[in-house]
Structure formats: structure tokens, C-alpha cells
1. If you take the accessible area of A alone plus B alone and subtract the pair, what total do you get in square angstrom, rounded to 100, with a 1.4 Å probe?
2. Given the C-alpha centroids of segment B:59-110 and segment B:13-32, what is the distance between them in whole angstrom?
3. Probe of 1.4 angstrom, ligands and nucleic acids ignored: what's the accessible area per residue over segment B:5-114, in square angstrom?
4. For residue A:47 and residue A:14, calculate 0.36 nm times their separation in residues minus their Cα-Cα distance, and state this gained length in nm to one decimal.
5. Tell me, rounded to the nearest percent, the portion of alpha carbon pairs in the protein assembly as shown spaced more than 30 Å apart.
6. Under 5 Å between amide H atoms, partner at least 5 residues away or on a different chain: which partners does residue A:49 have, H built in plane at 1.01 Å?
7. Using a 10 Å cut-off around each Cβ of peptide A:102-109, what is the average number of partner chain Cβ atoms that fall inside?
8. Using Cα pairs under 8 angstrom and six or more residues apart, how large is the relative contact order of chain B, in percent?
Amino acid sequence: AQTVTQSQPEMSVQEAETVTLSCTYDTSENNYYLFWYKQPPSRQMILVIRQEAYKQQNATENRFSVNFQKAAKSFSLKISDSQLGDTAMYFCAFGDGGSNYKLTFGKGTLLTVNP
Amino acid sequence: GAGVSQSPSNKVTEKGKDVELRCDPISGHTALYWYRQSLGQGLEFLIYFQGNSAPDKSGLPSDRFSAERTGGSVSTLTIQRTQQEDSAVYLCASSSRRAGDTEAFFGQGTRLTVV
């Protein structure tokens, strides 16, 4: 079974600064997908960024980028120029690309952006 | 509808009563998940439906929990003889095809409080 570990329960950053959230996972699969989801206080889960394991290039979406280290099974999220609206819970998720297709989530990191 | 809809938004029930939580996925989405999120915690997988395949029930915590998906669309999560530890937010998500490699869209959840 796949596991996803987020080792930082809480983090804080000053507005306009850069912060990196960590995620590691464990799998024996070779074909899979990785996601970062954001959950603001409204409770609505929103996809931030996704990465296909077969792609070596790190995914980027505006201020959000990932550092995908396949051999190390690491998938960290970097938020540049942090904004107050980035305050939320962030969940790392693993998607099985094989026959199971199940999404497995980490326990989340609560990020607070301070003015 | 435009997104995943869950009802009710909030439910308060007495210990020992049965409750039903409803999820309307995005039209055409074949994959549907239920997750449980306790206060300040990550997402605990409960059950996964994919098309006409047998559901993956491996995350259901006890036989008091069950779920069905009628006509490949609407899903109902039923909790019998509710206990206080069942208090949590129950999130539903749907995805267009093979869920492992595509974005899962979430509803806003049902907050269940057992008193």
C-alpha cells in the first residue's frame, strides 16, 4: 500500500517570502501521479499542482512549483512571493496510475502567511 | 451542477441514531471517493467507486459504515448507530476517469456532529 508523509504539521512564512512544504511517499509502482491540494478555511479542496512521475521536468503553476525527486520519493512544494490568501492546509497526494487508481493523502501542513 | 454537491452541509445527530450523507458528483465522472477528515487532521480514505467495478471498501472503519452509488451517479454514505468518534467532516470527490491520474474535484463536505 502507498503511504504519503508530510513531516511538517505547521509552518509559517512572512508575506512576500518563499516557503517549501515537504512530502515523501512510498510506493513500488513506476507509473503514478502526485498532487498538492490546498484547503482554505472555507473547507473547499482545490488542486494546486500535479506531476506525472514519468516526467523529469518539475511542474510549475505561477508562484507554485515542485521539486520532484523520483529516486528519493520526494515531492516538495515551493510557494514564492507568499500571499495572505495562501494561508491554508496543504495536502500532498499520491495517485496510483495502475489498476487501483486510488488517491492517498498525507496528513497535511497548516501554512500561515503573516503580514 | 457545476461542481460536486454534498448535503446536508451540517448534521447534528444523537448518539445511536443512523445518518445518511449524500453526494452528487460532477455529471459524467466515473470515479467517486468518500473521505473523512477529523478536526485538524488529514484525509482518511473511506470508500472508492470506479464505474461499474466493485467498490474499494478497504477504508471503512467498521461495519456501521456503508455506501452505495446508484446508477453510477449519486452516492449515499450511511453511518448506523452513530458514535461520538464519528464526528468529523465527510468529504466526497469525483473524477472524470482513471482517478489516479486526473484531478479529483471535491465537495464542501458535510460536518457531522454526534452528541
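1. What A and B bury together is about 2000 Å².
2. Centre-to-centre (Cα) distance: 6 Å.
3. Computed with neighbouring chains in place, this is 45 Å² per residue.
4. Stretched out fully, the residue A:47 to residue A:14 stretch lengthens by 9.6 nm.
5. For the protein assembly as shown, the fraction of Cα-Cα distances above 30 Å is 24 percent.
6. Correct list: A:36.
7. 6
8. Dividing the mean separation by the residue count of chain B yields 38 percent.
The values are calculated or read from the model by the stated rules, or taken from the named source; none is laboratory data. In this text the structure is predicted, and so the values were computed from the model without any measurement. Positions of Cβ are generated from backbone atoms using ideal geometry, with glycine treated the same way; all protein chains shown enter the neighbour counts. When the accessible area is computed, the model is the full protein with side chains, heavy atoms only, and any ligands, DNA or RNA have been set aside. Shrake-Rupley method; radii C 1.70, N 1.55, O 1.52, S 1.80 Å.
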